[in-house]
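Written out below as structure tokens is the structure these notes cover.
Taken together, the values in this text are just the output of simple stated rules run on the coordinates, not laboratory data. Being a predicted model, the structure only gives us computed values, none of them experimental. Neighbour counts run over all protein chains shown; Cβ positions are idealised from the backbone, glycine included.
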Amino acid sequence: MIIDTHAHVVPQSLIEALRAETRLFPSVRLHSDGAAPRMAFAGGSPGRPIQPRLCDLGQRRDWLAQARVDHQLVGGWTDVYGYDLAGAEGADWARFYNEHMRRDAASLPSLTALATVPLQDGALAARVLEEALDAGFAGAMIATQPNGVGGNLDDPSLDPFWELASARQATIFLHPHYVCGDERLAGYDLVNAVGRLTDTTIAVARLLYSGHLTRFSGVNLVLAHAGGALPYGLGRLKRNCVIHPGEYADAAAGFARLYFDTVLFEPRALRFLCDVAGADKVMLGSDYPFGIGDPDPVRIVDDTPLTAAEREAILGGTAARIFHIDCACGGTP
């Protein structure tokens, strides 16, 4: 089974529910004045348009067949995770999102849903994650900035989330934010080209040096976009430990616990990632439905010098194992 581990959904039923009942969430606003709906949270400005391919299951089914993908793990869209909301409302929003994600996945057997959690509150994030895992979700997708814009994943207030995820041996897919906080990214669509890579690199470097990845060793943490600059900069991360003896956790030990997707477009880079991290830590990804994603994700695997065992692991073996996908039937567990 070929499994795509990196894709996004905004359920159409969620949008319709918000249209039908505007008072569901006092701090969430749905704007439908343009070609595509947009959402605003906690009094902020409306975000990016929700493109139809995020919602349309028919287009997704056709793309999966064209791309030779048998099964797809789908997380939410980080733009609408609602990390700007106050804790209680954020938890209700995450539960609402998860309810509609599960409906979407149930209507297309080739999908398995990843939950959303209110990462702005570590205790509530743990509670919502536990509820989602108990309900059958394969894991969760979270973003790199728990305050919506800003914040760190190694903040002690998030320890309850990491503790629960580790205790349940949950698989967590980490995705960068669109807003990366550097004004130099304003031109050339640099947010997509390099900003997201930087965002992941910084967020996970903090997890490495804080010791989170060895302290909460039950978590399977999957990084979008092949981990940004982390595989290429591993030597520098290790050197920084050497020149600060005893001050930081072992970056190499933490790095060894990471998983990566294949959204990097360059076969030589995929071969390097496999050499550095191990092919058993690399899984197919597409970033569907976005233009910066890979429209033919299997091709990079075809074009990379890989052994049969490496190819099997990347295309689906590892994903089936850590996300608990039943390859015999092709459906969700």
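Taking 0.36 nm per intervening residue step and subtracting the Cα-Cα distance, what contour gain separates GLU312 from ALA256 on full extension?
Numbers: separation 56, 0.36 × 56 = 20.16 nm, distance 2.01 nm.
18.1 nm is the gain from fully extending GLU312 to ALA256.
Taking 0.36 nm per residue of separation and subtracting the current Cα-Cα distance, fully stretching the chain between ASP326 and SER217 would add 36.8 nm.
Over the range 1-156, the pair-distance histogram of Cα-Cα distances with 10 Å bins from zero comes to 11, 41, 36, 12, 0 percent, rounded to whole numbers.
Look at the alpha carbon pairs under 8 Å that are at least 6 residues apart: their mean separation over the length of the chain gives a relative contact order of 17 percent.
When the Gaussian network model of the chain links Cα atoms closer than 10 Å, the mean-square fluctuations of SER110, SER27, SER45 top out at SER45. Taking the helices alone, the chain has a mean residue ellipticity at 222 nm of -10500 deg cm²/dmol, built from -39,500 (n - 2.57) per DSSP H run of at least 4 residues and averaged over all its residues.
Think of the chain as having a plus end and a minus end, set by charges on the Cβ of Lys, Arg, Asp and Glu; of LEU18, GLN66, PHE41, GLN66 sits farthest toward the positive end of this dipole. The residue list GLY82, VAL128, SER110 was ranked by how far each Cα lies along the charge dipole of the range 52-139 toward its positive end, using unit charges on Cβ atoms, and SER110 comes out on top.
Given the Cα atoms of the range 228-319, and with Rh set as the inverse mean 1/r over their pairs in the Kirkwood sense, what is Rg to Rh to two decimals? Mind showing how you got there, number by number?
On the way: Rg = 14.8 Å, Rh = 14.2 Å.
Answer for the range 228-319: 1.04.
For the range 128-206, the pair-distance distribution built from all alpha carbon pairs, in bins 5 Å wide starting at 0, is 3, 14, 23, 21, 16, 11, 7, 4, 1 percent. Build a GNM of the chain with springs between Cα atoms under 10 Å apart, and of ASP261, ASP92, ASP33 the one that fluctuates most is ASP33. Result for the chain in a Gaussian network model with C-alpha springs under 10 Å: among ILE50, ILE243, ILE314, the largest mean-square fluctuation is at ILE243. For the range 1-56 versus the range 228-298, the spacing of their alpha-carbon centroids is 30 Å.
Report the equivalent ellipsoid semi-axes for the range 1-90 in whole Å, largest first, defined as the square roots of five times the eigenvalues of the gyration tensor built from alpha carbon atoms. Numbers along the way, then the final one.
Details: eigenvalues 155, 43, 23 Å².
Equivalent ellipsoid of the range 1-90: 28, 15, 11 Å, largest first.
Summing Cβ point charges (Lys, Arg +1; Asp, Glu -1) relative to the Cα centre of the chain gives a dipole of roughly 240 debye. Give the Rg/Rh ratio for the chain, taking Rg as the radius of gyration of the Cα atoms and Rh as the Kirkwood radius, to two decimals. Looking at the chain, the ratio lands at 0.94.
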